[in-house]
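Notes follow the structure.
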């Protein structure tokens, strides 16, 4: 295109020079000068457009070379996310199994310790001397009822009521003096 405009410009210049100088009017010369200026401007504009087309061709070539590169599709991304989730779930399940195994081990150790403590308690109870279950009738038959309060023991009750502890045990037939309970009513023998 540019070469065609240059050819037209050269043709017009040749026509202008070929015209007889005496027959040319000022107006014709002016038209030729304007025409020459128009051709020059068109040539400049064609040059700019040529540069733009060349730049576009380079950009297009770069885009085409980039289009040849590998890009990930949405389907591939979905597969990758699914695989990651599967791996994550598997890891969490393994971790959960490991924690449960540790907890089971701790519970087993605690159970063994508890059983050992219970066995020791049972042995202590077995080695304790048997409390006398024979009660005598040698206590005063007169007295008063007393309701066991929180914090009371037989010795505390005996002190509170000025009675003998053995008389309280015999009168109430208490086989284990350590096992009185709050709210229990006891007969307290008094006087002799």
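The values are calculated or read from the model by the stated rules, or taken from the named source; none is laboratory data. The model shown is predicted, which means the values in this text are computed figures rather than measured ones. Heads up, the Cβs are rebuilt from the backbone with ideal geometry, glycines too, and the neighbour counts pull from every protein chain shown.
Data table
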{"item": "Residue, modelled with the highest pLDDT, within segment 158-174, restricted to residues that are farther than 14 Å from residue 143 by Cα and loosely packed, with under 12 Cβ neighbours inside 10 Å", "result": "159"}
{"item": "Criterion: modelled with pLDDT of 90 or more and assigned to a helix (DSSP H, G or I) - qualifying residue of 95, 27", "result": "95"}
{"item": "Boolean, residue 138 is assigned by TED's automatic domain parsing to the domain that holds residue 176, part of a loop (DSSP other than H, G, I, E, B) and closer than 30 Å to residue 184 by Cα", "result": "no"}
